[in-house]
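This report concerns only the one structure given below.
The values are calculated or read from the model by the stated rules, or taken from the named source; none is laboratory data. Treat the numbers as computed from the prediction; the structure is a model and nothing was measured. Reconstructed Cβ throughout: ideal geometry from the backbone, glycine too, with neighbour counts over all protein chains shown.
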Amino acid sequence: MSEPDPAADAPRKVPWLVRMHYRMRTVAFAMMFGVIALHGGGPVSGPGFWALMALLFLVYPHAQYLRTRRLSDPTAGELRNLRTDSVFLGMGVATIGFPVWITFAGLLGTLSNNTANKGWTGIAETLLAFPGGALLGCLIWGFRFEPDTDWVTTLCCIVGLTLYLTALGQVAFTRILRLRVTREALQVRERELMEANDALHRNLREIDELQEQLREQANRDPLTGLYNRRYLDSTLERELARCKRDGNPLALILIDIDHFKQVNDTYGHQAGDEILLRLAALLAGMARAGDVACRYGGEEFLLLMPTMPMASARERAEALRIAFEALEVPFGAFKLKATVSIGIAAYPGQGISADELIRSADTALYRAKNLGRNRVEVESEGVNKS
């Protein structure tokens with residue numbers, strides 16, 4: 001058995017419009033009953049007449065409120081109640097012979113209320129419902145026309161109508177004030193939401209920038225600033241596929257610093273780092289737009305050159321070897337010098353896959369090492385240094 005829902009059993013809050021009309025209707029109908037009592041019921045007055053008047057003007061407002069508050073849409077129900085008000089007021093003035101001041105007060109009061117709540121629709125409904133109620137009263141009690149009222153009744157009509165219209169104006173002012181306050185609150189809330197939205201967009205942009213920085217850092221060697229092996233692995237596959245599709249060559253050169261361990265052991269790792277940085281700077285300066293210079297690991301570097309044929313790659317590798325050999329790296333009181341050995345592989349001559357090209361370049365590099373270092377080699381052929 002399911003548990004009862006406390007929210008379903010909780011009493012619903014009655015809308016402000018329903019509560020306001022209940023108070024207005026109770027007071028206005030009570031005043032109308034008092035005016036009719038002052039005027040007198042005329043020939044039809046009697047216990048039945050006064051019981052009906054009490055039912056219409058004293059009991060009806062409370063019964064209507066109790067019914068309306070239980071509707072699924074109390075506000076819409078209350079707007080429909082305004083038509084019923086007009087019918088009952090028309091019926092009331094018909095039963096006492098249409099005295100001018102009482103009729104005028106009843107018609108103007110209900111017309112004002114309907115107009116304030118429903119505009120032109122309210123005017124049309126009042127001009128139909130009020131005469132309709134009067135016709136119904138004439139059918140029940142017969143038609144008679146007694147327009148005169150004594151001065152007490154007339155004064156009460158004028159005072160009552162003035163008070164009712166004043167109260168209606170106060171209600172309208174309160175509604176306008178509420179709307180103004182609500183509008184200002186909405187404007188403030190809108191500004192807050194816009195500011196929050198702008199802040200959110202700024203934060204998202206900052207997050208995107210941070211993510212981009214993290215991605216860049218994840219793909220960069222922290223010492224040299226060149227791309228790392230992780231980035232090379234994904235880029236080499238992509239560039240090789242593009243060169244195959246477009247029918248272009250691709251070359252890569254694998255560089256290793258000769259006797260690098262000896263530099264570290266003799267002068268320390270800081271000296272080794274300086275040499276690594278100088279070689280990285282040479283590679284970065286040699287790279288074209290679209291080339292990828294990376295630190296392959298330890299003292300090994302790799303330069304990926306899409307669309308470059310083998311002959312051009314050998315020229316660039318030799319230029320790099322000569323430039324690095326000529327460098328003097330200041331380190332304290334020393335001027336350090338080093339050389340590099342370079343192996344070259346190109347698509348499609350030395351391989352058609354990324355693994356084959358790396359193996360071919362690595363084989364060529366080891367050949368350069370075995371042949372005395374400080375030289376450029378291609379697998380299956382040797383090239384002595386100049």
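So which residues in the range 63-80 are crowded, with 21+ Cβ neighbours inside 10 Å, under 22 Å from residue 108 (Cα atoms) and under 43 Å from the mean Cα position of the chain (by Cα), if there are any at all?
78
Could you please give the count of residues in the range 38-88 that are outside any helix (DSSP H, G or I) and either among the basic types (Lys, Arg) or over 27 Å from residue 117 (Cα atoms) (or both)?
6
So which residues in the range 318-377 are of a type in the set (Phe, Trp, Tyr) and over 15 Å from residue 304 (Cβ atoms), if there are any at all?
324, 331, 334, 366
Residue-wise test of (1) within 18 Å of residue 240 (Cα to Cα); (2) in contact with a Gly (Cβ under 8 Å, 6 or more places away or on another chain).
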| position | (1), (2) |
| --- | --- |
| 304 | yes, no |
| 352 | yes, no |
| 356 | yes, no |
| 366 | no, yes |
| 369 | no, no |
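One residue is enough: does the range 276-284 have a residue meeting the conditions at pLDDT below 90 and under 19 Å from residue 231 (Cα atoms)?
No, the range 276-284 contains no residue that is at pLDDT below 90 and under 19 Å from residue 231 (Cα atoms).
For the range 242-263, enumerate the residues that are among the polar types (S, T, N, Q) and either modelled with pLDDT under 90 or touching a Lys or Arg at 6+ places or on another chain (Cβ under 9 Å) (or both).
Result: 248, single match.
Somewhere in the range 63-86, is a residue in the same structural domain as residue 13 (by TED's automatic domain parsing), in contact with a His (Cβ under 9 Å, 6 or more places away or on another chain) and closer than 22 Å to residue 40 by Cβ?
Looking for residues that are in the same structural domain as residue 13 (by TED's automatic domain parsing), in contact with a His (Cβ under 9 Å, 6 or more places away or on another chain) and closer than 22 Å to residue 40 by Cβ, one finds none in the range 63-86, hence no.
Out of all the residues in the range 93-113, which are closer than 20 Å to residue 123 by Cα and among the polar types (S, T, N, Q)?
103, 110, 112, 113, listed by residue number.
From the list 66, 17, 38, which residue is modelled with pLDDT of 85 or more and either among the polar types (S, T, N, Q) or more than 16 Å from residue 91 (Cα to Cα) (or both)?
66
Please specify each residue of the range 148-190 satisfying the condition of being charged (D, E, K, R) and either in contact with a strand residue (DSSP E or B) (Cβ under 8 Å, 6 or more places away or on another chain) or not in a helix (DSSP H, G or I) (or both).
Once the filter is applied, which keeps residues that are charged (D, E, K, R) and either in contact with a strand residue (DSSP E or B) (Cβ under 8 Å, 6 or more places away or on another chain) or not in a helix (DSSP H, G or I) (or both), the range 148-190 yields 148, 150.
Check every one of the helices (runs of 4 or more DSSP H) wholly within the range 228-339 and list those with 1 or more residues that are within 21 Å of residue 360 (Cβ to Cβ) and assigned by TED's automatic domain parsing to the domain that holds residue 376.
In the range 228-339, 229-246, 269-286, 310-325 are the helices (runs of 4 or more DSSP H) which contain 1 or more residues that are within 21 Å of residue 360 (Cβ to Cβ) and assigned by TED's automatic domain parsing to the domain that holds residue 376.
Please go through (1) closer than 18 Å to residue 150 by Cα; (2) buried (at least 21 other Cβ atoms within 10 Å of the Cβ); (3) touching a Leu at 6+ places or on another chain (Cβ under 7 Å); (4) not aliphatic (A, V, I, L, M) for residue 95 and return the number of the only condition it doesn't satisfy.
Of everything listed in (1) closer than 18 Å to residue 150 by Cα; (2) buried (at least 21 other Cβ atoms within 10 Å of the Cβ); (3) touching a Leu at 6+ places or on another chain (Cβ under 7 Å); (4) not aliphatic (A, V, I, L, M), residue 95 misses just condition (3).
If the requirement is being assigned by TED's automatic domain parsing to the domain that holds residue 19, at pLDDT below 85 and not polar (S, T, N, Q), which of these qualifies: 138, 156?
The unique qualifying residue is 156.
I'd like to check something: does the range 56-71 contain any residue that is closer than 18 Å to residue 137 by Cα and among the polar types (S, T, N, Q)?
Checked against the condition, which is being closer than 18 Å to residue 137 by Cα and among the polar types (S, T, N, Q), the range 56-71 yields no hits at all.
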